[in-house]
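Here's the structure, in structure tokens; my notes come after.
The values are calculated or read from the model by the stated rules, or taken from the named source; none is laboratory data. This structure is a prediction, so every number in the text was calculated from the model and none was measured. Backbone-built Cβ (ideal geometry, glycine too); neighbour counts: all protein chains shown. The area values use the complete protein model at the heavy-atom level, side chains included, leaving out ligands, DNA and RNA. Shrake-Rupley method; radii C 1.70, N 1.55, O 1.52, S 1.80 Å.
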Amino acid sequence: METKIAMRNIYGLLEPSFTDYWNRESKPKAFFIGPLCLNRSPKLEPVLHQEYCRCIQLLDKKLRQGMPVLYVAFGSQAVISAEQLSEIARGLEESKVSFLWVAIKDGIQLGEKFEERNKERGMVVKELVDQKRILEHEIVLGFLSNCGWNSVLEKQHLNAKMLVEEIIIGLRVETVNGSSNGYVESKSLKNMVKVLIEGKMENQSKKKLKEVAEAARNSMKKGGSSWHTLNQLIKEIHLQHDTQKLIRVVTNRVFVKKKFIISVVTNRQ
């Protein structure tokens, strides 16, 4: 069966040249209705587990101390060697910054007594957490990531290039051989972390970061670009239903604090 519609979890204004090119030159027609992570209902909050509560307690403590925190997470799918993880841990330790590291994959080793040596500055969590809430905490100043699309939005090196060179809202840790999948040394990581946490980023990056965040929020509001695209998507689905009689669509839109939730159920007849 031919796919006629694609939904993308980004907003068109983030990558206008790409989104315009896709719908001009590629198929299927794409509708950019994100970022969906901003679409949260207070009634749907998860039950907070003990580890997550410890995370928030750490962040609140660092806020009172006035010590910015670096959030570290590489997801559950990225394959990172034990040697590389050890080098990352060494770089974090040598940077002397406060950190919250979510390491949920089984068997991760961060070096002998790493957690014990750094217990006053940081925390290693081995359970899933509400990443969005942590990143929203005012004391969290940066995010050390492999740039998987669940954290930004697919190929890690392409995302890093986009964030650093095109959107200008990130810093890239250089690899030993300069390749996209090369080895990162502790010294390079330490230096870049200090640039971020100590406020040495260029003013252009700081300004662009605020602009991108504001644009993302505005896109999800009633009247925003993703809101309009969602309406276009609904019209397109109904049009295909009326002309081809192939799908039955049930849509339910709920507005919560100027944000929307949509559920779409499709069935072949």
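In the stretch 187-245, which residue that is of a type in the set (Ser, Thr, Tyr) and surrounded by 14 or more Cβ atoms within 10 Å (Cβ to Cβ) is modelled with the lowest pLDDT? Lay out the reasoning, then the answer.
Kept after step one, since they are of a type in the set (Ser, Thr, Tyr), are these residues of the stretch 187-245: 188, 205, 219, 225-226, 229, 243.
Next, from what is left, pick out any that are surrounded by 14 or more Cβ atoms within 10 Å (Cβ to Cβ): 188, 205, 219, 225-226, 229.
Values: Ser188: 91, Ser205: 76, Ser219: 91, Ser225: 90, Ser226: 91, Thr229: 90.
Here the residue is Ser205.
Out of the stretch 126-139, which residues are at pLDDT 90 or above and outside any loop (DSSP other than H, G, I, E, B)?
Within the stretch 126-139, the first condition is being at pLDDT 90 or above, and the residues that meet it are 134, 137-139.
If the condition is that a residue be at pLDDT 90 or above and outside any loop (DSSP other than H, G, I, E, B), then Ile134 is the only one that fits.
Residues of the stretch 161-177 being open to solvent by less than 30 Å² (accessible area, probe 1.4 Å), among the β-branched types (Val, Ile, Thr) and closer than 16 Å to Leu144 by Cα, which ones?
Step one: of the stretch 161-177, the residues open to solvent by less than 30 Å² (accessible area, probe 1.4 Å) are 162-163, 167, 170, 175.
Next cut, among the β-branched types (Val, Ile, Thr) only: 167, 175.
Thr175, the sole residue that qualifies.
Only one of these is of a type in the set (Gly, Ala, Ser), under 20 Å from the mean Cα position of the chain (by Cα) and modelled with pLDDT under 80: Gly148, Gly142. Name it. Let's see the steps before the verdict.
Details: Gly142 fails: modelled with pLDDT under 80.
Result: Gly148 is the single residue among Gly148, Gly142 that is of a type in the set (Gly, Ala, Ser), under 20 Å from the mean Cα position of the chain (by Cα) and modelled with pLDDT under 80.
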